[in-house]
Amino acid sequence: MPYRGNKNQRTIHYGKYDASEEEKEAYRWCINNGIIIFPELKLEAPWAIEIKIKNKVHRSPEEYYAIDVWEKMYEYYKYYYNKYAK
């Protein structure tokens, strides 16, 4: 799922990642409960991960390259899902 931006912007290539069903469930739960996690929007790697909870944005201390950024993003989704949903 690379971010494509609009047609007037350059494309950001985060790589392609197929989330597992467990990761998709955690993603849906988080989105429905106001927890949004995404790679930062800059054109070139490495990227940090931004976590928005109740209009407050937190930034991961580490940065990641293509594909790793998706794996880490879903790891964060699963963390918050396991922490708050169960």
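The values are calculated or read from the model by the stated rules, or taken from the named source; none is laboratory data. Keep in mind it's a predicted model, so treat the numbers as computed, not measured. We place every Cβ from the backbone using ideal geometry, glycine too, and count neighbours over all the protein chains shown.
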Matching residues in segment 51-86 - criterion: being outside any helix (DSSP H, G or I), within 22 Å of Ser20 (Cα to Cα) and hydrophobic (A, V, I, L, M, F, W, C): Ile51, Ala66, Ile67, Ala85
Glu50 being surrounded by 13 or more Cβ atoms within 10 Å (Cβ to Cβ), modelled with pLDDT under 95, of a type outside the set (A, V, I, L, M, F, W, C) and touching a strand residue (DSSP E or B) at 6+ places or on another chain (Cβ under 9 Å): no
Condition check for Glu25: modelled with pLDDT of 95 or more, surrounded by 12 or more Cβ atoms within 10 Å (Cβ to Cβ) and among the acidic types (Asp, Glu): yes
Enumeration of residues in segment 11-50 that are among the hydrophobic types (A, V, I, L, M, F, W, C), in a loop (DSSP other than H, G, I, E, B) and over 11 Å from Met73 (Cβ atoms): Ile12, Leu41, Leu43, Ala45
